[in-house]
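No value in this document is a laboratory result; all are computed from the given coordinates. Every value quoted in this text rests on a predicted model; they were computed, and no experiment measured them. Cβ: placed from backbone, ideal geometry, glycine included. Neighbour counts: every protein chain shown.
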Amino acid sequence: MIEGAAKIIARSRFLIAFTGAGISAESGIPTFRGKNGLWKRYRPEELATPEAFARNPKLVWEFYRWRMRIISKAKPNKAHLALAELERMGVLKAVITQNVDDLNREAGNKNIIELHGNIFRVKCIRCDYRENLKESGRLEKFLEDEDFPKCPKCGSLLRPDVVWFGEALPEGALSKAFNLARKSDVCLVIGTSGQVFPAAYIPHIVKDNGGYVIEINPSQSGITPIADIFIRGKAGEVMDELLKKVEELRG
Ligand code: APR
Ligand code: ZN
């Protein structure tokens, strides 16, 4: 399987990667629907909807600060690093991720589309104020604080700059991702259950355009029925081997 996938990737014209929470599992970040997944332990309607935030912003911020602490300690694993290397080799054209963990950027990828936002960014619920807490250097203090984060411009509440259930995806990101999928001849799908739309349309667009879909996941997902190659395994382990094969083939 890995040999076959490496051949398709090595001769690909426009490879894209579509990733989900599973790619970051080996970095110690819980997935959503897997065993011990976040949505197995917590109710998304109480923590990840605009209504939940309006109802109880304190609870929602406790949850996001807890997740930010876990993610801020996490390091890119071999799967993230392999995607960065494939980009450096000129093979991988873009990473389209559902993850908010910023690990693709940490690994060194440049062309990243974050369909569901970024947990280290905040935005005002009233004005156009936005801030990347890593870039502004306020992350550590922000994680220590327990009070409500206020907008320095208009004093209203700040919220995490992520996409909650029932919310539209960032327009620019979604159309850019669909355009890339339309141009792509190979889509590498890593660690997603493929149940959340419109993000999960990405591999289908590549397939409908006659492209290949290669999936890496320890379990079958909503994408598996359209996968030309399904590699049952963990992202870090499989991607490490896959990269070596692609490097061999490209000499
Ligand atoms: N390597 C690869 N895949 C893995 C690994 C691993 N080490 N561990 C688990 N997986 C797989 C699981 O089998 C599962 O199919 O990762 C997938 C994770 O699925 P979800 O938890 O549903 O995460 P995701 O598909 O990213 O969720 C989509 O839903 O909750 C919302 O906005 C959130 O972006 C998220 C979206
Ligand atoms: Zn404001």
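Of note:
- Of the strands (runs of 3 or more DSSP E) lying entirely inside segment 169-251, not one is found with 3 or more residues being within 16 Å of ligand 2 (Cβ to nearest atom), free of Cβ contacts under 8 Å to residues at least 12 places away in the same chain and of a type outside the set (Phe, Trp, Tyr).
- Within segment 141-165, the set of residues being more than 15 Å from ligand 2 (Cβ to nearest atom) and either of a type in the set (D, E, K, R) or over 17 Å from Val100 (Cα atoms) (or both) comprises Lys141, Phe142, Glu144, Asp145, Glu146, Asp147.
- Residue count for segment 60-93, restricted to those that are among the hydrophobic types (A, V, I, L, M, F, W, C) and more than 17 Å from Ala48 (Cβ to Cβ): 10
- Of all residues making up segment 72-101, the number that are crowded, with 22+ Cβ neighbours inside 10 Å and farther than 18 Å from Leu180 by Cβ: 7
- Restricting attention to segment 212-249 and to residues that are of a type in the set (Gly, Ala, Ser) and in contact with a strand residue (DSSP E or B) (Cβ under 6 Å, 6 or more places away or on another chain), the residue that is farthest from Asp185 (Cα to Cα) turns out to be Ala235.
- Filter result (of a type in the set (A, V, I, L, M) and assigned to a helix (DSSP H, G or I)) within segment 72-99: Ala79, Leu81, Ala82, Leu83, Ala84, Leu86
- Qualifying residue in segment 190-200 (condition: in contact with a Gly (Cβ under 6 Å, 6 or more places away or on another chain) and farther than 25 Å from Gly28 by Cα): no
- Considering residues of segment 114-149 that are free of Cβ contacts under 8 Å to residues at least 12 places away in the same chain and basic (Lys, Arg) only, the residue farthest from ligand 1 (Cβ to nearest atom): Lys141
Per-residue answers, yes or no, for (1) within 16 Å of ligand 2 (Cβ to nearest atom); (2) assigned to a loop (DSSP other than H, G, I, E, B); (3) crowded, with 21+ Cβ neighbours inside 10 Å:
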{"position": "Glu3", "(1), (2), (3)": "no, no, no"}
{"position": "Ile23", "(1), (2), (3)": "no, no, yes"}
{"position": "Glu26", "(1), (2), (3)": "no, no, no"}
{"position": "Pro30", "(1), (2), (3)": "no, yes, no"}
{"position": "Gly34", "(1), (2), (3)": "no, yes, no"}
{"position": "Ala52", "(1), (2), (3)": "no, no, no"}
{"position": "Val60", "(1), (2), (3)": "no, no, yes"}
{"position": "Trp66", "(1), (2), (3)": "no, no, no"}
{"position": "Ile70", "(1), (2), (3)": "no, no, no"}
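- Segment 196-229 - residue that is within 12 Å of ligand 1 (Cβ to nearest atom) and more than 28 Å from Ser175 (Cβ to Cβ) and, of those, surrounded by the fewest Cβ atoms within 10 Å (Cβ to Cβ): Ser219
- Taken over segment 150-160, residues that are within 16 Å of ligand 1 (Cβ to nearest atom) and more than 25 Å from the chain's Cα centre (by Cα) amount to 0.
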